[in-house]
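Colleague: Next up is a structure, given as structure tokens.
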Amino acid sequence: MDWNTFLGHHRQRQWFQNAISSERLASTFLMVGPEAVGKRTFARLIAKTLLCTRSEPRNFQPCGNCESCAQVEASTHPDLIQIHREHDRTALSIDQFIGPEEARMRQGLCYEIRMKPYSGRRKIAIIDDADTIGVEGANSLLKTLEEPPPGSVIFLISTSLQRQLPTIRSRCQVVRFQELSKEDLVTLALRQGLTKDAGQANDIAAASGGSLASFAILSDTLLNEFQVEMERQLVQRPFDFVRFAKAIQSHVDSVGSESQAKRERLKQLIEFTQQHFRLQLLERVSSKTLSPESSISAIRRCLLAKEHVDRMVSPAALIEAWSADLAAFVHESRPI
Ligand SMILES: [Zn+2]
């Protein structure tokens with residue numbers, strides 16, 4: 001991880017470089033932009049730049065070899081506090097900010113950032129998944145954002161300004177990130193081994209809307225094959241929702257034993273189904289299979305199902321109820 005291999009976001013890079021070299025770096029930043037375009041890596045690179053012990057921050061080129069650089073890389077640097085939403089939680093927990101109940105205000109990000117920096121430089125915090133800070137978490141963070149310890153830098157990583165509470169928004173400097181260019185996406189995908197074929201990478205990148213996350217979905221052959229099967233089942237009448245639910249469950253199980261990965265995959269499949277009904281709605285004249293009302297009900301049901309995934313509803317129960325409801329909408333549908 002260094003600036004030479006970091007792709008895109010040149011304007012943001014230049015902006016931080018100027019702020020650091022003129023020693024006018026603010027303390028709290030809200031990094032806003034689409035998923036998987038490099039916001040967190042960017043924040044970690046700034047941390048590396050500021051904490052490197054061999055290269056001055058104003059050079060904007062961490063050495064990559066000192067102990068500090070290695071510790072940032074390994075996420076073990078004592079002055080770099082990183083929190084993210086735990087896999088089994090729907091949101092960042094208040095404990096992560098001010099410690100568990102038995103150690104309130106004696107642990108957690110807001111406490112740690114006030115400690116003297118081990119390196120003698122500064123404390124840096126990266127709050128990933130900041131879209132999921134609840135009201136409680138936000139309240140516990142406000143004082144730290146309002147009066148950050150001297151020299152400290154706090155990054156909040158978010159996908160949308162609208163998802164931030166006004167109290168947080170107003171206390172941060174907003175840095176906007178855009179989608180990656182097609183060229184950067186191709187380079188990144190090849191580097192990460194998402195595909196080995198440059199031609200194919202080009203084609204997929206063109207349809208990925210500048211997001212590496214979308215690229216990963218589109219380049220997943222097994223997933224794409226399964227989506228073809230889903231599409232086939234979705235247009236079949238009568239819609240066999242028991243068979244559909246079984247197929248979804250078994251595909252979700254096939255991604256491995258990690259529950260977070262399964263939930264992510266389930267969300268992708270629900271999203272795909274939602275797109276299917278959206279297209280039905282848009283092309284209803286040609287499809288003639290589904291009334292607009294039914295399509296809208298199905299789309300709404302998909303949105304609700306995705307919410308349920310985020311709220312940790314058991315996947316098996318969720319898949320069953322969601323598929324059955326879809327079937328009801330499909331079969332209720334009046335012919336057009
Ligand atoms: Zn270094």
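Colleague: Excluding I81 itself, calculate the net charge of residues whose Cβ lies under 9 Å from the Cβ of I81, where each Lys or Arg counts +1 and each Asp or Glu counts -1.
Modeller: Once positives and negatives cancel, what remains is -1.
Colleague: Taking the Cα centre of region 161-235 as origin and charging only Cβ (+1 Lys, Arg; -1 Asp, Glu), how large is the dipole, in debye to the nearest 20?
Modeller: Dipole magnitude for region 161-235 comes out near 620 debye.
Colleague: What's the Cα-based Rg to Rh of the chain, Rh via Kirkwood?
Modeller: Answer for the chain: 1.03.
Colleague: Also, quick follow-up: Which FRET efficiency value, to the nearest 0.05, is calculated for H331 and V228 with the Förster distance at 25 angstrom and r the Cβ-Cβ distance?
Modeller: 0.60
Colleague: Just grab the label-to-label distance for V135 and E271, each label 7 Å out from Cα along the Cβ direction, in nm (one decimal).
Modeller: 2.9 nm
Colleague: How far apart, in nanometres, would the label points at A207 and C63 be if each is projected 7 angstrom from Cα along the Cα-to-Cβ direction?
Modeller: 4.8 nm
Colleague: Rounded, prolate or oblate: which fits region 193-336 when a ≥ b ≥ c are the square roots of the eigenvalues of the alpha-carbon gyration tensor, with rounded for a/c under 1.5 and prolate only if a/b beats b/c?
Modeller: oblate
Colleague: Okay, moving on. Give the calculated FRET efficiency between W3 and A74 to the nearest 0.05, with a Förster radius of 25 Å applied to their Cβ-Cβ distance.
Modeller: Efficiency for this residue pair is about 0.85.
Colleague: At a Cα cut-off below 28 Å, give the lysines reachable from K196, other chains included and same-chain residues fewer than 8 away excluded.
Modeller: In chain and number order, the partners are K39, K182, K262, K267.
Colleague: While we're here: Hey, got the dipole for the chain? About the Cα centre, +1 on K and R Cβ, -1 on D and E Cβ, debye to the nearest 20?
Modeller: Roughly 760 debye, rounded to the nearest 20.
Colleague: Using only Cα atoms, tell me the angle between helix 221-235 and the longest principal axis of the chain; keep it within 0 to 90° and round to the nearest 10.
Modeller: Value to nearest ten degrees: 40.
Colleague: To continue, here is another question. Work out how much length L282 to S259 would gain on full extension: take 0.36 nm times their residue separation and subtract the Cα-Cα distance, in nm to one decimal.
Modeller: Stretched fully, the L282-S259 segment lengthens by 4.8 nm.
Colleague: So, one more: Calculate how many DSSP beta bridges within the chain are antiparallel, expressed in % of all such bridges and rounded to the nearest 5.
Modeller: In the chain, approximately 0 percent of DSSP beta bridges are antiparallel ones.
Colleague: By its C-alpha gyration tensor, with a ≥ b ≥ c as the square roots of the eigenvalues, how is region 42-182 shaped: rounded for a/c under 1.5, else prolate for a/b larger than b/c, else oblate?
Modeller: oblate
Colleague: Sticking with this structure for a sec: Using only Cα atoms and rounding to the nearest 10 degrees, what angle (0 to 90) does helix 292-310 make with the longest principal axis of the chain?
Modeller: Around 40 degrees separate the two axes.
Colleague: If you count, for each residue, the other Cβ atoms within 10 Å and average over each peptide, how do 223-232, 190-199 line up from highest to lowest?
Modeller: 223-232, 190-199
Colleague: Can you pull out the chymotrypsin sites (Phe, Trp or Tyr not before Pro) in region 52-123 whose DSSP state is coil and whose Cβ has at most 13 other Cβ atoms within 10 Å?
Modeller: Y118
Colleague: Separate question: Could you size up the charge dipole of region 184-279 around its Cα centre, putting +1 on the beta carbon of Lys and Arg and -1 on that of Asp and Glu, and report it in debye to the nearest 20?
Modeller: In total the dipole reaches around 280 debye.
Colleague: Ok, one more. With angles folded into 0 to 90 degrees, how steeply does helix 241-253 sit against the dominant principal axis of the chain? Use alpha carbons for both and round to 10.
Modeller: It is inclined by approximately 30 degrees.
Colleague: In a shell of Cβ-Cβ distance under 14 Å around E320, excluding E320 itself, what net charge do Lys and Arg (+1) and Asp and Glu (-1) give?
Modeller: Taking every Cβ under 14 Å from that of E320, the sum is +1.
Each reported figure results from applying straightforward, stated rules to the coordinates on display, with no laboratory input. Just so we're clear, the structure is a prediction, and the values are computed from it rather than from any experiment. Here Cβ is always computed from backbone atoms with ideal geometry, including for glycine, and neighbour counts include all displayed protein chains.
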